[in-house]
Structures are given as structure tokens and as C-alpha cells.
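The values are calculated or read from the model by the stated rules, or taken from the named source; none is laboratory data. Computed from a predicted model, the values in this text were never measured in an experiment. Cβ: placed from backbone, ideal geometry, glycine included. Neighbour counts: every protein chain shown. Quick note on the areas: whole protein, heavy atoms, side chains included, nothing else; ligands and nucleic acids left out. Shrake-Rupley method; radii C 1.70, N 1.55, O 1.52, S 1.80 Å.
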Amino acid sequence: MPHVHVNGTDIHYHIEGRGPAIVMIHPPFLGSRVFNYLRTDLAQDHRVVTIDVRGHGHSKAGDVRLTVPLIVEDIKQVMDRLDVEEGYVLGYSVGCMPALEALITHPDRFTGGIILSGAAELRDTRNRGLMRAASIGNRLRAKEAVVLPIALGNADSRTTFHVLHNEGMEGNAARFKEYSDSCIGYSCIDRLRAIAAPVLLLCGADDPQFVQYARELHEHLAVSELYLVRGARHQLPTKAPDKTAAAIRTWIAKLEVQGNADSFFEREALDHELLEMGVLSERQAAFGNPQDL
């Protein structure tokens, strides 16, 4: 099980494939295996790097408090050790907060961002309440009470549940709380214009709160594209991986091949191709309630 020692702790990572690099960041309570489907698919033509945030999965907890900026620094140093000079940073759920922070603070290392079911800040009562549930002690039973529903919610099968649950239970309850608290207190709304890199915003069409958050990101980011995954809710990496990977692959290909989709007609063709896969652009979704399309 590969680890690198950075910032005073051992970080577990997985690297696979060749092509444009994608570095994936998971939210609290889970580990990097939540990206198993996406990693396997995208590694066919991309260099995919997944890490367990310190104190999660198989990464050691370290001796310092976990914060969003520290996660970014850990990621950057892992990239240095793996000779990944630059790449796209992908964040899932509140794991998008370190991804956005990375785009703001290290524009030389991150050429673009991919935000899956994400937000620049959490303002709604429900999701803030769920995150506060991480204020637990170090007792195994307390950790189980947090990991179990998160693993169930993200699982598409019994096998996936066991993988996510077992990985979650390897984590450190104190770091769960710190990651959660850091995300609850995080906001980069007033700094989004500092992100010059292109950003792909992907959200489940049946995830109304995060559709709202995604549209807010789309409004504030300088260069972004918003797509809604038809028939999907929040858990895109595990419950809509094929559509999610297709949208990511198509978007990166457009950026990597100069001249792709530069014209109106090429863009329309690209949107039509994604629509056939069940992924709606914001223009298509604007004609009605995305849940009805």
C-alpha cells in the first residue's frame, strides 16, 4: 500500500494511467476508494492520482490540526513526490473546498478544476447539520455512527458499501471532526474571481440544493461550464460514474486539443453528445426544471 511522507505524516496514494493528470479529493468520513469507478474509467487515458486525506482511510493522522489549506499543501507535496508538475484538481461534495482553495492559491500547479456536487460555502441548515454530526469523540461506536450512514448513502451495492465502510472505519475521529469543522467554516465566494483556470461543474439533476450551489459557482467563476447529470442525486462518483466520467473526459479533451469546440456549432455538437449520455448543459436545463428533463 503506497505512502509518501509529507508535512510530518504518511499519506496513502494511488496513481494510475497516462495522459493529463487528475488529482481527486474526497470529503470527510470517506477515503479515496469512493473514486474507484471514476479512477478505473478515467485512467484509460488520464493519469489519475487519488489520496486519502490525512486521518482518513490509510493515511496517518499526523500531529497537527486538519484544515482546508493543510489538505492543499499535502496534495501539492504528494504531487511533487510523484513528479506530477500540473494537473486538474477534482473535488467531490465538500471535498471541493480544498479543490477550490488549490485553484485559488496554486494556479501554477492546477490547470483546471472539476467540481462534483460542490459548493463554495455551506449555508443550508440540512447540510451544515450533517457536517456537525462529525463532532464526535474517539470511541469506535461514535465513529461508526458517522461512517455507517455516509457509506450507505454513497454505496451502489453491498460490495461498495463494505469497501467504503471499512475504509471509513480506518480513519481518525478527531481528523473527521477537524475536516468537517474546516468545511463548515469555509467560504471562498469572494475569491472565486481569482480563479482564472477553467472549471467544470457537475451536479445531479435531482440534487436541488447543490444545483443551486453549482449555479452560484457558475455565476461567480470567471470561466466555467455547468452540466447536470440526468437521474442522479448527490453521489456522482458511485451512483452515476459512467455519465460523470464521460462528461469529465469530454470536457478535458476539449481543453487539451487546441481548437476543439471553439465555434458555436462545435459546442452544440458537444452538448448534444453529452445529452445523449444523460448529461445536460446549463442552457438545456434552463428550459425547465432539471428534475423534469
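A few comments on the model shown:
- When restricted to residues that are buried (at least 21 other Cβ atoms within 10 Å of the Cβ) and closer than 18 Å to Ile71 by Cα, the stretch 141-172 contains 2.
- Residue in the stretch 10-60 that is farthest from the chain's Cα centre (by Cα), counting only those that are surrounded by fewer than 24 Cβ atoms within 10 Å (Cβ to Cβ) and assigned to a strand (DSSP E or B): Asp10
- Residues located in the stretch 216-233, provided they are within 14 Å of Val279 (Cα to Cα) and buried (at least 17 other Cβ atoms within 10 Å of the Cβ): Glu225, Leu226, Tyr227, Leu228, Val229, Arg230, Ala232, Arg233
- Pairing residues of the stretch 90-112 that are free of Cβ contacts under 8 Å to residues at least 40 places away in the same chain with residues that are surrounded by fewer than 24 Cβ atoms within 10 Å (Cβ to Cβ) and assigned to a strand (DSSP E or B), at Cβ distances under 9 Å and at least 6 apart in sequence or on separate chains, gives Arg109/Gly87.
- Test result for Asp63, touching a strand residue (DSSP E or B) at 6+ places or on another chain (Cβ under 9 Å) and open to solvent by less than 10 Å² (accessible area, probe 1.4 Å): no
- Look at the stretch 192-211: where a residue is basic (Lys, Arg) and a partner is surrounded by fewer than 24 Cβ atoms within 10 Å (Cβ to Cβ), sitting 6+ places away or on another chain with Cβ atoms under 7 Å, you get Arg193/His220; Arg193/Ala222.
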